[in-house]
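Below is one structure, written out as structure tokens, with a few remarks after it.
Just so you know, all these numbers are worked out from the coordinates, no wet-lab data involved. Note that this is a predicted model, so its numbers are computed, not measured. Positions of Cβ are backbone-derived with ideal geometry, glycine not excepted, and every protein chain shown enters the neighbour counts.
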Amino acid sequence: MNARGQASIELVFAAGLAGALALALLPLFQVWQARTRAERIADQAAVLVAEGRPLPGAVTRGARVEVSSGTVRVAVPLAVLGRELEVTATARTP
């Protein structure tokens, strides 16, 4: 095998490895995005609750929000690799 053939094989292997790594990291990014969304909803809901205003549907869409004694808990459902998960975040009213 000459040097050009070896380089081609290494390039194909590296591309396949990069693709596999990207697929493996995708669920991690999905969880990170859901966590960020839950934290933002919790923060917004805590401010609204402290001001005595109702929680609009646009803020809570797709999330479960629970308010009790100055604490807001948000759960965002997430499907990762065929499994149903919930990512949660908590915020206290100011």
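Based on C-alpha pairs under 8 angstrom that are at least 6 apart in sequence, the chain has a relative contact order of 28 percent.
Which of rounded, prolate, oblate describes the chain, given a ≥ b ≥ c as roots of the alpha-carbon gyration tensor eigenvalues and a/c under 1.5 marking rounded, otherwise prolate only if a/b is larger than b/c? Prolate, because a/c is 1.5 or more and a/b exceeds b/c.
Helix 3-50 and the longest principal axis of the Cα set of the chain meet at an angle near 0°.
Annotation note: trypsin sites (Lys or Arg not before Pro) in segment 22-94 located in DSSP loop regions with a Cβ neighbour count of at most 15 within 10 Å are 61.
Remark: the residue 36-residue 10 segment gains 5.6 nm on full extension, using 0.36 nm per residue and subtracting the alpha carbon distance.
Annotation for segment 45-94: GluC sites (Glu not before Pro) lying in DSSP loop with at most 11 further Cβ atoms inside 10 Å of their Cβ are 51.
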